[in-house]
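Following: one structure in C-alpha cells, then a few remarks.
The values are calculated or read from the model by the stated rules, or taken from the named source; none is laboratory data. Computed from a predicted structure; not experimentally measured. Virtual Cβ from ideal backbone geometry, glycine too; neighbours counted across all protein chains shown.
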Amino acid sequence: MQLSDKALKLVSDHLKDHQKRLTHILGVCEMAETLALRYNVDLDLAKSSALMHDYSKYDSYEEASKYLTKEELEECYKYPFMLHAYLSAYKYKELISDNKDSFNAIYNHVFGRPNMSILEKIIMISDYTEKNRTYPDCIEVRKILLDGDLDLAIYESLVRTIKHCEGEGKVAHPRQLEVLKEYEERIKNRWI
Ligand SMILES: [Fe+2]
Ligand SMILES: [Fe+2]
C-alpha cells in the first residue's frame, strides 16, 4: 500500500465530521501532486504529506501534550495556530512514515522556515493556493504559481498573509518574518 493511500484512509476517517476541511485537504493534495510532478519530487511523499498536513486541526491541547516538546507547547500558547501543524507532523511520523522531509513539510506548512526543501515549499504553497481557496489574494498567488514561479508565489503568499494578520491585530511569528526576509532577498537578487 502506498503511503498516500494509507494517509487518505486515515484522514478521511479522522475528519469524517469535517467535510469542508476534507475538501480543502483534497485540494491541497491535488495541487501538491501537480507541483511534485513539475519539480520532480517523490509523488507519494508529496501526496501523503498534503493529505496529513491538517490531520490534527481539531485535536486537543491535551492530545498535543503527548507528542510536543515543552518548548513547542509553550510556543503554541502564544501562537495557537501552530499546534495543529506540529501535532499533524508527529502523527505523520507515528502513523505513516518517519521520512524527515515530510515531517518538516507538515511541521512548517503554516508559513515555512528558512532554507526550505522543495517538498516543504510545495506543501506550504499548496495550502495557500489550492482550488477551493477563493480569496482574491489566493487566486492571484495561484496564478503566479501555475505560471511557474514557485519562489515568487511563496514571497507573495507571505506578504499577503502577514498583511492579513496585521489587519486582524495579530502579531507576526518571528519565523514568518525570517522567511519573508529570505524570499525578499531571493527575488531582489534575481535582478542584480
Ligand atoms: Fe494548516
Ligand atoms: Fe490547510
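Name the residues in the stretch 117-141 that are without any contact (Cβ under 8 Å) to a residue 60 or more places away in the chain and of a type outside the set (Gly, Ala, Ser), would you?
Passing the criteria: 120, 121, 124, 128, 134, 135, 136, 137, 138, 139, 140, 141.
Confirm whether residue 84 is without any contact (Cβ under 8 Å) to a residue 60 or more places away in the chain, crowded, with 17+ Cβ neighbours inside 10 Å and part of a loop (DSSP other than H, G, I, E, B).
Against the criterion (without any contact (Cβ under 8 Å) to a residue 60 or more places away in the chain, crowded, with 17+ Cβ neighbours inside 10 Å and part of a loop (DSSP other than H, G, I, E, B)), residue 84 does not qualify.
Does the stretch 172-188 contain at least one residue that is touching a residue at least 60 places away in the same chain (Cβ under 8 Å) and in contact with a helix residue (DSSP H, G or I) (Cβ under 7 Å, 6 or more places away or on another chain)?
The answer is yes, given that some residue of the stretch 172-188 is touching a residue at least 60 places away in the same chain (Cβ under 8 Å) and in contact with a helix residue (DSSP H, G or I) (Cβ under 7 Å, 6 or more places away or on another chain).
Quick test for you: out of 74, 94, pick the one residue that is part of a helix (DSSP H, G or I) and farther than 23 Å from residue 42 by Cβ.
74
Note down all Cβ pairs under 7 Å where the first residue falls in the stretch 36-58 and is within 18 Å of residue 93 (Cα to Cα), the second is of a type in the set (S, T, N, Q) and in a loop (DSSP other than H, G, I, E, B), and they're at least six residues apart or on different chains.
Pairs that qualify, where the first residue is within 18 Å of residue 93 (Cα to Cα) and the partner is of a type in the set (S, T, N, Q) and in a loop (DSSP other than H, G, I, E, B), are 44/2; 45/99.
For the stretch 42-57, name all the residues that are more than 16 Å from ligand 1 (Cβ to nearest atom) and either at pLDDT below 95 or assigned to a loop (DSSP other than H, G, I, E, B) (or both).
Selection gives 42 alone.
Residue by residue through the stretch 32-53, note down the ones that are of a type outside the set (Val, Ile, Thr) and away from ligand 2 (no atom under 16 Å from the Cβ).
Hits for the stretch 32-53 are 36, 37, 38, 39, 40, 42, 43, 44, 45.
Which one of 133, 160 is surrounded by 13 or more Cβ atoms within 10 Å (Cβ to Cβ), over 20 Å from residue 26 (Cα atoms), within 17 Å of the chain's Cα centre (by Cα) and among the charged types (D, E, K, R)?
None of the others qualify; the one that does is 160.
If only one of 156, 166, 140, 185 is within 28 Å of residue 19 (Cβ to Cβ) and of a type outside the set (Lys, Arg), which one is it?
140
Residue by residue, here is whether (1) crowded, with 20+ Cβ neighbours inside 10 Å; (2) more than 16 Å from ligand 2 (Cβ to nearest atom); (3) of a type in the set (Lys, Arg) holds:
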position: 55; (1), (2), (3): yes, no, no
position: 60; (1), (2), (3): no, yes, no
position: 63; (1), (2), (3): no, yes, no
position: 67; (1), (2), (3): no, yes, no
position: 80; (1), (2), (3): no, no, no
position: 94; (1), (2), (3): no, yes, no
position: 101; (1), (2), (3): no, yes, no
position: 113; (1), (2), (3): no, yes, yes
position: 128; (1), (2), (3): yes, no, no
